[in-house]
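Okay, so here's the structure we're looking at.
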Amino acid sequence: MNNLETQYPAQRDNKRKRTDTVDTAAYRFSRTIEVDGDVRARAFRQLSDIRLKSDIEDIVDAMSIINSLSGKKYIWAPGTSFNEQTGGKRVLGLIAQQVREVIPEIVHEEPDGFLSVSYSELVPVLIAAFNEQTREILRFREEVRKEITDLRNSLKNTGEFDTNDKKKIQSQLDILKNNLVKLKGRHLSIQIEEPPPSDLATVEPKIPM
């Protein structure tokens, strides 16, 4: 007996224990399959070949779409088969009526009138949202890098500081600090050293290049 069989002995005589199975390498269903229970499989694949598609468009404003969705914890309503199958335990998911207001394409009304959500179709929206956020962070980082470079050059080219100069530079530093705090909140490790109040010329901003 191998390690897998030791950990999962019920799998050894799996063929004998199975019921209602289709013993074939491939079986094609031309209609919807409804299963009142869990489905377990090694993998699920969806056709995605570009040759099968038309009118392809980019997903725009994906961050706004994701921010409009709200994940929920809930218990299936008592008396339903879902409640019985889950043992009345809490599960995670979305509310179809709320999703329909944001992404109606992935909400479907079943013959019995209930709404279902195609969760797999959320994946491209999440990818688009991630790409949007990445572009925003990179753009913001470039802006901060440019501001720091301009400020550093200004300090190098300036000799004596009067009170107004110091106030102006301190104001610029405060703006940069606020921008860096925002970037840090987006999980970017960017730091800036604050200059001593008496010597603004020692400013040495640090930012990954």
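The values are calculated or read from the model by the stated rules, or taken from the named source; none is laboratory data. Nothing here was measured: the structure is a model prediction, and the numbers come from that model. Reconstructed Cβ throughout: ideal geometry from the backbone, glycine too, with neighbour counts over all protein chains shown.
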Checklist entry - Assuming Ala25 fulfils every condition listed in (1) modelled with pLDDT of 95 or more; (2) out of contact with any helix residue (DSSP H, G or I) (no Cβ under 8 Å at 6 or more places or on another chain) apart from one, which condition is it? => result (1)
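Considering only the range 127-157, state which residues are under 14 Å from the mean Cα position of the chain (by Cα) and exposed (fewer than 14 other Cβ atoms within 10 Å of the Cβ). So that I can check it myself, show each step before the final result.
The first filter runs over the range 127-157 and keeps only residues under 14 Å from the mean Cα position of the chain (by Cα), leaving 127-134.
Within the range 127-157, Ile127, Phe130, Thr134 meet the criteria.
Going through Val123, Val117, Val107 one at a time, which residue ends up being surrounded by fewer than 11 Cβ atoms within 10 Å (Cβ to Cβ), modelled with pLDDT of 90 or more and of a type in the set (A, V, I, L, M, F, W, C)? So that I can check it myself, show each step before the final result.
On the way: Val117 fails: surrounded by fewer than 11 Cβ atoms within 10 Å (Cβ to Cβ); Val107 fails: surrounded by fewer than 11 Cβ atoms within 10 Å (Cβ to Cβ).
Of the residues listed, the single one that is surrounded by fewer than 11 Cβ atoms within 10 Å (Cβ to Cβ), modelled with pLDDT of 90 or more and of a type in the set (A, V, I, L, M, F, W, C) is Val123.
Here's the yes/no breakdown for (1) closer than 25 Å to Thr134 by Cα; (2) among the hydroxyl-bearing types (Ser, Thr, Tyr); (3) more than 22 Å from the chain's Cα centre (by Cα):
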position: Ile66; (1), (2), (3): yes, no, no
position: Pro78; (1), (2), (3): no, no, yes
position: Leu94; (1), (2), (3): no, no, no
position: Glu105; (1), (2), (3): no, no, no
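Consider Gln85 carefully, then state whether it is out of contact with any Ser or Thr (no Cβ under 6 Å at 6 or more places or on another chain) and either under 17 Å from Tyr119 (Cα atoms) or exposed (fewer than 10 other Cβ atoms within 10 Å of the Cβ) (or both). Can you show your working first?
On the way: out of contact with any Ser or Thr (no Cβ under 6 Å at 6 or more places or on another chain): yes; either under 17 Å from Tyr119 (Cα atoms) or exposed (fewer than 10 other Cβ atoms within 10 Å of the Cβ) (or both): no.
Answer is no for this residue.
Which of the residues belonging to the range 71-110 are in a helix (DSSP H, G or I) and of a type in the set (S, T, N, Q)?
Narrowing the range 71-110 to residues in a helix (DSSP H, G or I): 81-86, 96-102, 104-106.
Matches in the range 71-110: Ser81, Asn83, Gln85, Thr86, Gln97, Gln98.
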Checklist entry - So, in the range 31-70, of the ones that are outside any loop (DSSP other than H, G, I, E, B) and small (Gly, Ala, Ser), which residue ends up surrounded by the fewest Cβ atoms within 10 Å (Cβ to Cβ)? => result Ser64
